[in-house]
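Undergrad: To start, I am sharing the structure in question, which I have written as structure tokens.
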There are 2 protein chains.
Amino acid sequence: MGNSRVTVREIARLAGVSVATVSRVSNGTGQVSEEMRRRVLEAIEKYGYRPDHLGRALAARRHGALGLVFPGLSGPYFTELIQGFESEAVPARASVHILCTHLREDSDDQALEMARRVDGIAVVGGTITEPALLRLAELVPVVVLAGRGPETVPSVGVDNAPAMTMLTRHLLVDHGLRDLVFVGNPDGSPDVSQRWAGFQAAYRELDLAPPTEPLRLAMQQHDGVLATERLLGGGTPAPQAVVCANDELALGVLVGALGRGLRVPEDLVITGFDDAPMAALVSPPLTTVRQPVRELAAEAARLILNAVDAPGAAFDSVVLPTEFVVRRSCGCPAEPPTGGTGK
Amino acid sequence: MGNSRVTVREIARLAGVSVATVSRVSNGTGQVSEEMRRRVLEAIEKYGYRPDHLGRALAARRHGALGLVFPGLSGPYFTELIQGFESEAVPARASVHILCTHLREDSDDQALEMARRVDGIAVVGGTITEPALLRLAELVPVVVLAGRGPETVPSVGVDNAPAMTMLTRHLLVDHGLRDLVFVGNPDGSPDVSQRWAGFQAAYRELDLAPPTEPLRLAMQQHDGVLATERLLGGGTPAPQAVVCANDELALGVLVGALGRGLRVPEDLVITGFDDAPMAALVSPPLTTVRQPVRELAAEAARLILNAVDAPGAAFDSVVLPTEFVVRRSCGCPAEPPTGGTGK
DNA sequence: CGGTTAACAGAAACCGGTTTCAGGCACCAT
DNA sequence: ATGGTGCCTGAAACCGGTTTCTGTTAACCG
């Protein structure tokens, strides 16, 4: 297996030059005469020489790889994240290592282990402990993706709380609703934690007492279906509106609610967060908050790549803006461009 | 950055032994006296020595990494794939590199590039060209994931065609339907191609003329919504059943159909493939085919790891079984455990 | 024409490990 | 005493590159 067994020294011998010259030619560094360059390139071409990654990495003290650590892989959010990260890493000739911790006990150790194989790491907020994050940052450039880490570790995120406050305010003020329930686990991720805080803040702005407890569930579509069983299955009175921590949950709730014969938004208002592709396509279309997930991850990758190239240069945190997207599921009339009013 | 600057030679000096001994102790290879081992371990502990990955990899001619190449990252299918792969790689102390080709022009080159950074690669069927696959297999152990490659390259997949034939036969025979439309692009992936073939085969079994063209769409949920627009938007007469290439499409079609006021399965029958978590939770629950996606990827990882450990040992292709899951969306009565019949 | 300088090439050191190989030593059987 | 046998150990070679440092050569200048 492998014709790629041809090394610098062989090429050097075949071209009748020194290894230094071969290295210079293959890297385009230093001064090489036209004659030498031609001879070397000829040999490289002829024998199909490709410099070995490990040798090069060892000498250069650089792996040419970036790491991405996240808790689990569920739904469009994480796939967008990965793709955004990848889209920035690949052009920089950096390969992407992933680590999916599943919130295992040894997540911290595995992240530390990864640090020894890559040049920089993006960690999704809430995936590893804060001490581990700090130790990680001592080894390689680190950025926290979607969330905030310790002061010294830069992060890339969106303005979750204000966005959620705006959305909640819309329901409370413009639609006059009072009995809202928030679905999502604030302890699960910084994102959700901030959204929960923003949700409560909207109540306080109006001198209302906010709900004290969210409906704690994971973030997948089927958790949303589960939520409808809890909320609409009798027992407690049904809420007026379900404010979901992300679109997937909202879609699940929507499917569950429609499945029970409820009309949305007449009988139940539902909102999401993310503006996933499906949000605009379901009926009624979902009122949500658009966040630039892909761009978020791309920005993280860029920050890391910069930090790798220019060690020492402090790099700042970034907060990307969100956009409140009003559609039909909150009770607003159908948007003009969609045509047709109401149901 | 990094206290991890301590090397074998330093430890050797500090412990008053040779580097060979340090290497032997840290790897547990060869014979080392108790006294030496103690001294070395003490030094390792004291100075926090961790062998450098690159040095080790270079010397051992092994990267300690596995690659996973796929076209794009959409929906639960790919996330399950990644997690299954990862779950097998991590315990083997192999890191996971991913490459998301997006079907770019240079996919082949990028895959070959990856081959020089990992010990083995799993390629999702249809992601790179066949010649590239062959060249790849010359460099490292390769397995095709979900699909079949050239004879010489082993693959891991499921029995797509028979499963889809069984499902289609169920609609044709048990429900007496005739006007079915298949949604999915057979040119997009071997999986879909096989399912499309199985779909047509069911017609032929009954001496019926199968549809000649599928509705060619991508595989995401919103493509399913798109499908309803094409199929139910007037123009052509609506079909009796929509046979989707995967569950995501089916969920999209379901959402789209319900949004148009259709009753499922009374007005329109819908089926999926995969048995994603949501399939059982929507109403009506989705008739589909369960395939062990996670196990598929795990098996691929195992095959590769074995091939890496025992080079030369031929390794065979694997076909995992599927299971036909009958629920309500095909027109069958609600399952007993679910309780409640019909709507 | 002698001396300075710039351009270029190669020998050797280096990155951080693993592994081969030869030798030292203790122990045992002749 | 001698030779053989195992067990340990360390020097040195090796993995495949990059980079420093030294030296040669030719061009240029006064």
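The values are calculated or read from the model by the stated rules, or taken from the named source; none is laboratory data. The model shown is predicted, which means the values in this text are computed figures rather than measured ones. Positions of Cβ are backbone-derived with ideal geometry, glycine not excepted, and every protein chain shown enters the neighbour counts. Surface areas here come from the heavy atoms of the whole protein model, side chains and all, with no ligands, DNA or RNA. Shrake-Rupley method; radii C 1.70, N 1.55, O 1.52, S 1.80 Å.
Undergrad: On the accessible surface of chain B, probed at 1.4 Å, how many percent belong to carbon and sulfur atoms?
TA: 52
Undergrad: Right, next: How about segment B:93-168: which GluC sites (Glu not before Pro) there lie in a loop by DSSP and see at most 12 other Cβ atoms within 10 Å?
TA: Values: sites: B:Glu105, B:Glu113, B:Glu138, B:Glu151; in loops: B:Glu105, B:Glu151.
The qualifying sites are B:Glu105, B:Glu151.
Undergrad: May I ask you to report, in nm to one decimal and beginning with the shortest, the distances from B:Ser317 to the same position in the other copies, taking label points 7 Å along Cα-to-Cβ?
TA: Reported distances to equivalent positions: 5.3 nm.
Undergrad: For segment A:8-60, what are the per-bin percents of Cα-Cα distances with bins 5 Å wide, up to the bin holding the maximum?
TA: Values per bin, smallest distances first: 4, 23, 33, 25, 12, 3.
Undergrad: In segment A:1-49, what residues drop by 40 Å² or more of accessible area when the other protein chains are put back, versus the chain on its own? Use 1.4 Å, and skip ligands and nucleic acids.
TA: Buried on complex formation: A:Met1.
Undergrad: Of the DSSP beta bridges with both residues in chain B, give the percent that are antiparallel, rounding to the nearest 5.
TA: Counting only bridges with both partners in chain B, antiparallel ones make up about 10 percent.
Undergrad: Ok, one more. Sorted from shortest, what are the nm distances separating the label point of A:Gly233 from equivalent points in the other copies, each placed 7 Å from Cα along Cα to C-beta?
TA: List, nearest first: 3.9 nm.
Undergrad: Which distances, in nm and shortest first, link the B:Arg204 label point to the same label point in every other copy, taking 7 Å along Cα→Cβ?
TA: 6.8
Undergrad: Here's another thing I want to ask about it. How much solvent-accessible surface does B:His53 expose, in Å² to the nearest 10, with a 1.4 Å probe and all protein chains in place?
TA: Counting only protein heavy atoms, B:His53 exposes about 40 Å² to solvent.
Undergrad: Do any trypsin sites (Lys or Arg not before Pro) in segment A:1-109 lie in a loop, going by DSSP, with at most 16 other beta-carbon atoms within 10 Å of their beta carbon, and if so which?
TA: In loop regions of segment A:1-109 (DSSP not H, G, I, E or B), the sparsely surrounded trypsin sites (Lys or Arg not before Pro) are A:Arg5, A:Arg61, A:Arg62, A:Arg93, A:Arg104.
Undergrad: Hey, another quick one. Quick check for you: with a 1.4 Å probe and neighbouring chains kept, what is the accessible area per residue of chain A, in Å²?
TA: Counting only protein heavy atoms, the per-residue value for chain A is 44 Å².
Undergrad: Continuing with this model, one more query. For segment B:47-167, just the Cα atoms, rotate onto the principal axes and tell me the three extents in Å, largest first.
TA: The Cα atoms of segment B:47-167 stretch 63, 28, 25 Å along their principal axes.
Undergrad: Indicate, rounded to the nearest 5 percent, the antiparallel portion of the DSSP beta bridges found entirely in the protein assembly as shown.
TA: 15
Undergrad: A further question follows. If you split all Cα-Cα distances of the protein assembly as shown into 20 Å bins from zero, what percentages do you get per bin, shortest first?
TA: Per 20 Å bin, starting at 0, the Cα pair percentages come out as 17, 44, 30, 9, 0.
Undergrad: Related question: Could you state how much accessible area is buried at the A-B interface, both sides summed, with a 1.4 Å probe, in Å² to the nearest 100?
TA: So the total buried area for this chain pair works out to about 4900 Å².
Undergrad: A follow-up question, please. I'd like the antiparallel share, as a percent to the nearest 5, of DSSP beta bridges with both residues in segment B:235-343. Write down the numbers at each step before the final one.
TA: On the way: 3 of 8 bridges.
Bridges in segment B:235-343 are about 40 percent antiparallel.
Undergrad: At 1.4 Å probe size, with no ligands or nucleic acids counted, give the accessible surface of A:Glu88 in Å², nearest ten.
TA: The value for A:Glu88 is about 50 Å².
Undergrad: Still on this model: Normalised radius of gyration for chain A, please: alpha carbon Rg relative to 2.2 N^0.38 Å, two decimal places.
TA: 1.29
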